[in-house]
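I have placed the structure first, in the form of structure tokens, so that the comments after it can refer back to it.
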Amino acid sequence: MGALTQSPAWQQLLRHAEGIEKTTLADIVFGDAGRISGCDIKLDGLRFNYALNHATPETIGLLVKLAVQQKLPEWRDRMFAGEKINTTENRAVLHTALRAKNGPVLIDGKDVFPEIAAVRQRMTRFAEEVRSGKRKGATGKSFRHVVNIGIGGSDLGPRLAARALTPYINGPKPHFVANVDAFDLLSVLKDLDPAETLFLVVSKTFTTQETLLNARSARQWLVAALGEKAVSDHFVAVSVNEAEVRKFGIDTGNMFPMWDWVGGRYSLWSAIGLSVALAIGAENFQKLLDGAATVDAHFKTAPLDKNIPVLMALLGVWHRNFRHAGALAVLPYCERLRDLPRFLQQLDMESNGKSVTRDGASIDYSTSPVIFGDCGTVGQHSFHQWLHQGSDIVPADFIGVAEDAVGRPEHHAALLSNMLAQMAALACGRPQASMPYEVYAGGRSSNLLLLDRLDPACLGMLLALYEHKIFTQGVLWNVNSFDQPGVELGKKLAHDLEAHKPSQNPAGHLTVKLSENLLPFLWK
Ligand code: F6P
């Protein structure tokens, strides 16, 4: 067994897990009159309630001991201090600096806050020039549509924020193209007038195949309509890679830089979020940043047992490593948060879907769970059968919004009643029933994140909570949450196949064999 699983805190939790099996979740909840209020933490426009977890105050105490043993406070301080904790890429991890009100933000002794502030200011000015019509397209028309061409962290965060903040959109309508399947691009372009369309080519590396191919096709579409000269008015780039941006043919004056110390899946707060700033305006984009900054301060200062992202992380480790849950269900009871499960799939599974420690040792414990989910109440008619009576027991994060933003109280009451009913049914079940198939075992744990309203500030808080939760779990599991080496092989195999390059390894040989046998028509 490895160092972590042999460690005192881990061993104590293993013993505790055996003992707690004798107590049902219903016993825990009903056995303490103050349980629900005692497991409730309010932070500005958001509250976190963890009462419906199969975990007692003793469990929380032992989990906090694990966090202390794994030096979570020290790692947290190292991240905020700009230390290069992304060890495989020798980079700092400072997405938090993007929402800081002021500096200094030191990397290798250099204060990078001035350049953060300068880019934020450029973004703001650009957004307001486009929104006001001061900045127009090649034919003199204002921009009514913005197409974000990007994938992964260059798509999922902005896409989520744009839909979540729909009521705040009073600028050009944002559209998102990510997949290299041309249907994605063409289904967006078919309804747009080139003269009123601004393209954002969003790619931290500016080498991502899908994004560059989509961008080239979008460029052809624009040039066919308005001529080559229109490109400089209608294309903007967001990237670290100035040379590749120039090579693509976008003027670097139309480029918003970002930095290698911001991970793609943590980058909404940078110019990667430009489509959102264009849609909702600079003031609301700043409120998004401020919401995240509120959580940063909370994460830095709240005691570990009163620290929302820490508790989310510890309970996740408890369910994953000591109650053997293979997945986490993300259930936003809010249609505007429909993209949250997909966003968290990348944020969580690309960050902690690892099986070697920071020191390169193989792990003998589980790391990131499968993240899946859908909006409530839609999921109730899809996979909730599995949640209630399936062979696997997994925890769920319910996310609700207290405010009825559309003035339909009957609908809102139904939505939130269903949310609470699902939480209760998962927790308590129905142990007695006339037929075995009607029995619900219960014992399914859940968290509740309740937003006062779904506004920019609360959205910023929600996303920052998950960022810090996932960072915390990476610390506990001793993995590097900020690289993604597991995405490279597939990219290379596809590239070599397309280029008809001789294969260098068994996977390459197999890719060719599959192509010859299954898709022989591809290369005719
Ligand atoms: O999935 C791999 C990945 O590198 C992600 O981490 C990243 O968000 C995405 O591809 C897009 O990368 P880029 O922004 O460099 O195009």
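The Cα atoms of the range 332-400 give a gyration tensor whose axes a ≥ b ≥ c have a/c of 1.5 or more with a/b no greater than b/c, which makes the shape oblate.
Counting charges near E115 (Lys, Arg +1; Asp, Glu -1) among other residues having Cβ under 14 Å from its Cβ returns a value of -1.
Classification of the range 362-509 by its C-alpha gyration tensor yields a prolate form. The axis ratio a/c (a ≥ b ≥ c) is 1.5 or more, and a/b outweighs b/c. Remark: the range 339-394 carries a charge dipole of roughly 20 debye about the Cα centre, counting +1 on each Lys and Arg Cβ and -1 on each Asp and Glu Cβ. For D339, no residue whose modelled amide H falls within less than 5 Å of its own remains once neighbours fewer than 5 places apart on the same chain are excluded.
Rounded to the nearest 5, the antiparallel percentage of DSSP beta bridges internal to the chain is 30%.
For the chain, the longest principal axis of the alpha carbon atoms and the long axis of helix 456-476 meet at an angle near 70°. Within the straight-line cut-off of under 19 Å between alpha carbons, the lysines reachable from K173 are K134, K136, K141, K190, sequence neighbours fewer than 8 places apart in one chain being disregarded. About the centre of its Cα atoms, the chain shows a dipole size close to 680 debye [charges on the beta carbon of Lys, Arg (+1) and Asp, Glu (-1) only; nearest 20 debye].
Annotation: peptides 44-57, 487-500, 186-199, 356-369, ranked by per-residue average of other Cβ atoms within 10 Å with the highest first, follow the order 44-57, 186-199, 356-369, 487-500. Taking every alpha-carbon pair within the range 72-122, the share separated by more than 18 Å comes to 30 percent. Here the gap between F383 and D40, fully extended at 0.36 nm per residue and compared with their Cα-Cα distance, gives a gain of 120.7 nm. For the pair the range 469-524 and the range 182-253, the centres of their Cα atoms are 26 angstrom apart. Find which of G373, P409, Q422 sits farthest along the positive direction of the dipole of the range 328-456, computed with +1 on the beta-carbon of Lys and Arg, -1 on that of Asp and Glu, about the Cα centre. Of the candidates, Q422 comes out farthest on the positive side. With both labels modelled 7 Å from their Cα along Cα-to-Cβ, the L186 to R246 distance reads 3.6 nm. In the chain, taking the dipole from charged Cβ atoms about the Cα centre, the farthest positive-side position among A225, V236, V147 is held by A225. Oblate is the label for the range 147-204, because the ratio a/c of its alpha-carbon gyration tensor axes (a ≥ b ≥ c) is 1.5 or higher and a/b is not greater than b/c. Both radii are taken from the alpha-carbon atoms of the chain; with Rh as the Kirkwood radius, Rg/Rh is 0.98.
Roughly how far apart, in whole Å, are the Cα centres of the range 255-328 and the range 332-363? Here the two parts' Cα centres lie 12 Å apart. In terms of distances greater than 18 angstrom between alpha carbons, the cross-link table entries K501/K524; K101/K469; K300/K354; K354/K469; K110/K300; K110/K469 yield K101/K469; K300/K354; K110/K300; K110/K469.
Within 13 Å, Cβ to Cβ, of R131, how many net charges do the neighbouring residues add up to if Lys/Arg are +1 and Asp/Glu are -1? With Lys, Arg at +1 and Asp, Glu at -1, the net is +3. Whole-percent P(r), the range 157-299, all Cα pairs, 10 Å bins from 0: 11, 39, 37, 11, 2, 0. Each peptide in 508-517, 282-291 was scored by the mean count of other Cβ atoms within 10 Å over its residues; highest first, the order is 282-291, 508-517. Helix 409-428 axis versus longest C-alpha principal axis of the chain: approximately 50°, rounded to the nearest ten. Here is how the number arises for the chain: DSSP H runs of 4 or more residues each give -39500 (n - 2.57), the sum is divided by the residue count, and the result at 222 nm is -13000 deg cm²/dmol. The alpha-carbon of K65 sits under 15 angstrom from the alpha-carbons of these aspartates and glutamates, leaving out residues fewer than 8 places away in its chain: E74, D305. Length gained on full extension, S7 to E516, computed as 0.36 nm times the residue gap minus the Cα-Cα distance: 178.1 nm.
Ratio of Rg to Rh for the range 36-174: 1.09 [Cα atoms; Kirkwood radius as inverse mean 1/r over pairs]. On a per residue basis, the chain carries 43 Å² of accessible surface, using protein heavy atoms and a 1.4 Å probe. Of the peptides 80-88, 459-467, the order by per-residue mean of other Cβ atoms within 10 Å, starting with the highest, comes out as 459-467, 80-88. Remark: the range 409-524 carries a charge dipole of roughly 300 debye about the Cα centre, counting +1 on each Lys and Arg Cβ and -1 on each Asp and Glu Cβ. With a cut-off of 11 Å between beta carbons, the residues surrounding G460 carry a summed charge of -3, where Lys and Arg count +1 and Asp and Glu -1. Think of the chain as having a plus end and a minus end, set by charges on the Cβ of Lys, Arg, Asp and Glu; of N352, A67, Q484, Q484 sits farthest toward the positive end of this dipole.
The values are calculated or read from the model by the stated rules, or taken from the named source; none is laboratory data. Values in this document were obtained by computation on a predicted structure and should not be read as measured data. Virtual Cβ from ideal backbone geometry, glycine too; neighbours counted across all protein chains shown. Please note that ligands, DNA and RNA were not included when accessible areas were found on the heavy atoms of the full protein model with its side chains. Shrake-Rupley method; radii C 1.70, N 1.55, O 1.52, S 1.80 Å.
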